[in-house]
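Heads up, the thing below is written out as structure tokens.
The values are calculated or read from the model by the stated rules, or taken from the named source; none is laboratory data. Predicted model only: the values in this text are computed from it and were never measured. Cβ sites come from the backbone with ideal geometry, for glycine too, and all protein chains shown count toward neighbours.
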């Protein structure tokens, strides 16, 4: 059995997430941006600027304008719901895998369509959505009008709890629609989200068959986050651990140990170098590396767990990453083109690390197309502020 150190695992993950100290590279383009997003299994995009920063930090020379061009013009990225049902930017070329895998997962416990819609009504709503967004970007209100016109007034009944409001009945099928590749996000119209069809990104779009898609997704996950366990994959995808264990058992994987703990990698992906993890990076809210890497106590050692996790959940704080582990938190406040970055290290930074931090803050400004300044001090805002 292959025996690995945490340092070997951390160094490989950093390299595959393109988080090693960046070197001079070719001019960035939409295709390279999509390749990096594919390698990291998607960029969390509930906060658009965080997704732009996640991607930009991994592709030297990239700005938010290039990420937006890849998404809305070149369409090498697509905005939809990915792991855990959360909004992600995914590589458009990976969408058949994602949709095939998501539709093969156990139904989430929070699925509400079965309560508010009959199977027949769900079919009608999904068909109406597909027809309505085939050649259009529609807001929720516009989509409601189109669906009601195609199905009947029952689809617009305000029966679905929505914070202090109620949503129309058809919205109960939204999870099935995004998971099944019927719908994805279109460009915002002002402050309103729009929805459209994935076929506008991939004209010949068809989901990959479930078993093949699940195998491809596990392989992609292990490439970015391995070695990993079924329980860690289950947490990443929000599926039952027992189901994930059966899935891992069905695939061609190799068992390894990481300082005595069992984990798995793809059978043909067992190479690990002896290089040490290195470099200093500023990762934004819900960056894929901070959320997806386990064991969490290794990534958030000591004081980092108390300071940078919120109830054990990663991603609620932007983090300072030093040599592959969390070593502080940070926050940015923007006013026009001015971006004030406050970094709270949890350990003393040496002279080289301080220089690297200054360069990283400058890079944050370049990606977000502003002028960034650095303050080292206490981050006073709470999680997800």
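Some points to look at:
- Only listed residue being at pLDDT below 95 and farther than 16 Å from residue 33 by Cβ, chosen from 111, 123: 111
- Close pairs from the range 226-244: first under 19 Å from residue 4 (Cα atoms), partner in a loop (DSSP other than H, G, I, E, B), Cβ under 6 Å, at least 6 apart: 232/294
Residue-by-condition table, conditions (1) touching a strand residue (DSSP E or B) at 6+ places or on another chain (Cβ under 7 Å); (2) under 27 Å from residue 331 (Cβ atoms):
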{"position": "30", "(1), (2)": "no, no"}
{"position": "71", "(1), (2)": "yes, yes"}
{"position": "75", "(1), (2)": "no, no"}
{"position": "92", "(1), (2)": "yes, no"}
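- Residue list for the range 119-165, restricted to those being in contact with a helix residue (DSSP H, G or I) (Cβ under 9 Å, 6 or more places away or on another chain) and at positive phi: 152
- Strands (runs of 3 or more DSSP E) enclosed by the range 112-227 - at least 1 residues per element that are crowded, with 19+ Cβ neighbours inside 10 Å and within 24 Å of the chain's Cα centre (by Cα): 184-189, 192-196
- Matching residues in the range 235-247 - criterion: being part of a helix (DSSP H, G or I) and surrounded by fewer than 19 Cβ atoms within 10 Å (Cβ to Cβ): 241, 242, 243, 245, 246
- Filtered by the rule that a residue be within 18 Å of residue 10 (Cβ to Cβ), in a strand (DSSP E or B) and touching a strand residue (DSSP E or B) at 6+ places or on another chain (Cβ under 9 Å), the range 318-349 gives 319, 320, 321, 322, 326, 327, 328.
- Here residue 315 passes the criteria (1) part of a loop (DSSP other than H, G, I, E, B); (2) surrounded by fewer than 23 Cβ atoms within 10 Å (Cβ to Cβ) except the one numbered (2).
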